[in-house]
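*Asks:* Can you read through this structure? Questions will come right after.
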Amino acid sequence: MEGGWERARQITRRVGRGVADAGRATARAGMATASGTARAGKATATGARKVGKATRRLTYANGAGRTGLGRLIELSAGNSAGDAMVTVALASTVFFGVPVGEARGSVALYLVITMLPFGLLAPFVGPILDKFRSGRRYVMAGTLFGRGLLCFAMAAAVGPGDLPTLFIGALGVLVLSKAYNVSRAAIMPNVLPADITLVSANARVALFTLVSAGVAVPVGAGLTAWLGSAAVLRIAMVGFLLLGVVAVRLPRHVDSPELEEEGESPRWRTLLKVGPAVAEAVWVNVAIRVFSGFLLFFLLFLVQDKAVPWLAVNQPWAQDPFFDIPKTIALLAAAAGLGGLAGAVVANWTRNHAPQLIVLVTLAVTVVTAVVTAIFFGLWTALAISLITAFAQELGKLALDAIVQREIGEEVRSSTFGVVEALLQLAWVFGGLIGLVLSLTQSSLAGLVTLAVALTAALGWLLFARMKRVRATKAKLARQRAEAAEAPEPERPAGPAERGPQRGDTLDQTKPLTNPHG
């Protein structure tokens, strides 16, 4: 019996020692894991600080830090990232959460519901912003705070599937986003450094906004797949609220526009009053926006329906796993993003060199690419047209912004930008609706040929209008020269020889030939 108890005690001691050894090993593993996690966290924080410092050097270059342009660039980049996350969250909720046939109806309903109220409200955004020129920081902050609250409401509507609330929230986000863009474009001359032109400043803002949106889209898509659309909308809400605080802390000279002269009545800007240069640039951008909206929804639903050659079931290459629907959509999106970045880079390179010519060149390049794509439609031409259209849209819009900032006075600049933004948004929505309708034919040739013909007609009309305007200007100059040549020569005052010597005619050798005081 005693031997049995002794063996039991030995076994118990061995078990205890084993448990103790296991505990010590677990503790050592935990310490190693914690140490590795800490090192990884420190490395991530160090990398983030280095990226932040490099970004700050880029945004604050060429005097942008002194004037406030750098802080405006950072604010616009955060605004773009928030809008991208909202777009991703709504896309997974409204667009692709239903079958393709039903998705067309949802997308069309979304476009119509957001288009009609926006078309009515947007022309009033600019004049309202002109009234608050002395508080543009707070206007921009209000657009960010408002979008934060709307994201909170839409997040609550995602669970029960409250589509009216989602549509109304999306409309509000759209209007406030355009109001922010109008305010940002209007204050750009106030924060412009001496070493940077308007086109370059606009291109720098666009470059950072595109990069931030390009980073936010995959991050938002991953968070949406992991946490759901409601969580992503709440994250966007927090981001917008923090950005609103940053907007309030912009430099005070943002709120210091030139004062209107006394007795000057407020004016409303329409496309008939902005002048031929601005009007021509606006109509070029309208044509490009129509084609951009058309191309987005047309190609998207053609790919979803497998009505493109590289996804056709009766083709041998359609069985290749590389050419599937998600990868095709990802390639088209990447091409569009790369085109937007290229447009911003080229705009920064061109600076202020002939922005009026740039807008016509962008439309001409889009027309040629559309015709080639219609004839030789395939995967590579689809990628090329996506890239070229995004490139033309970005470059043309930056040139248009520079023309408006140069041609339009401070007192009505926001009104002009409000009208322009509304018109461009309506053009994009109209093109999207055309793309939805023509995608029902499941024929790439029909849709692309139709839009190529429309773009060619628009380019021809704009070139004809410009030639007519140039001829009228030359005829007016010739008329003025002829009238000046036929007019009698005015009596000229008598010369020194005719009027005799006068006081001061004699050169004093003791006095300098130039005024030292200028």
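The values are calculated or read from the model by the stated rules, or taken from the named source; none is laboratory data. The structure displayed is predicted, hence computed values, not measured ones. No Cβ is skipped: glycine too gets one built from the backbone with ideal geometry, and neighbour counts run over all protein chains shown. Side chains are part of the model used for accessible areas, which takes the heavy atoms of the whole protein and leaves out ligands, DNA and RNA. Shrake-Rupley method; radii C 1.70, N 1.55, O 1.52, S 1.80 Å.
*Asks:* Does any residue in the range 357-373 that is under 13 Å from VAL286 (Cα atoms) come within less than 8 Å, Cβ to Cβ, of a residue that is in a helix (DSSP H, G or I) and basic (Lys, Arg) six or more places away or on a different chain, and which pairs are these?
*Replies:* LEU360/ARG466
*Asks:* Out of the residues in the range 361-419 that are of a type in the set (Lys, Arg) and over 15 Å from the mean Cα position of the chain (by Cα), state the one that is least open to solvent (accessible area, probe 1.4 Å).
*Replies:* The selected residue is ARG413.
*Asks:* Follow-up question, since we're still on this one. With the structure loaded, tell me whether VAL199 is at pLDDT 90 or above and either buried (at least 22 other Cβ atoms within 10 Å of the Cβ) or not in a helix (DSSP H, G or I) (or both) or whether it fails that test.
*Replies:* No: the conditions fail for VAL199.
*Asks:* Another one. Which pairs turn up if I take residues in the range 176-189 that are without any contact (Cβ under 8 Å) to a residue 40 or more places away in the chain and under 17 Å from LEU150 (Cβ atoms) and look for partners that are of a type in the set (Gly, Ala, Ser) and open to solvent by 10 Å² or more (accessible area, probe 1.4 Å) with beta carbon separation below 7 Å, at least 6 apart in sequence or on another chain?
*Replies:* These pairs meet every condition: LEU176/GLY146.
*Asks:* Could you tell me which numbered condition LEU109 fails, if it satisfies all but one of (1) farther than 30 Å from LEU166 by Cβ; (2) at pLDDT 70 or above?
*Replies:* With respect to (1) farther than 30 Å from LEU166 by Cβ; (2) at pLDDT 70 or above, LEU109 is out only on (1).
*Asks:* If only one of GLY135, GLY119 is closer than 28 Å to GLU394 by Cβ, modelled with pLDDT under 80, of a type in the set (Gly, Ala, Ser) and outside any loop (DSSP other than H, G, I, E, B), which one is it?
*Replies:* GLY119
*Asks:* Tell me which residues, restricted to the range 161-196, are open to solvent by 40 Å² or more (accessible area, probe 1.4 Å), among the charged types (D, E, K, R) and under 27 Å from VAL112 (Cβ atoms).
*Replies:* Passing the criteria: only ASP162.
*Asks:* Name the residues in the range 178-189 that are polar (S, T, N, Q) and either under 20 Å from GLY337 (Cα atoms) or modelled with pLDDT under 80 (or both), would you?
*Replies:* Selection gives ASN181 alone.
*Asks:* I would also like to ask the following. Please go through the range 373-412 and pick out each residue that is hydrophobic (A, V, I, L, M, F, W, C), more than 25 Å from VAL274 (Cβ to Cβ) and either in contact with a strand residue (DSSP E or B) (Cβ under 8 Å, 6 or more places away or on another chain) or modelled with pLDDT under 90 (or both).
*Replies:* Passing the criteria: ALA374, ILE375, PHE376, PHE377, LEU379, TRP380.
*Asks:* Right, another one. How many residues does the range 135-194 contain that are small (Gly, Ala, Ser), in contact with a Phe, Trp or Tyr (Cβ under 7 Å, 6 or more places away or on another chain) and closer than 19 Å to ASP401 by Cα?
*Replies:* 2
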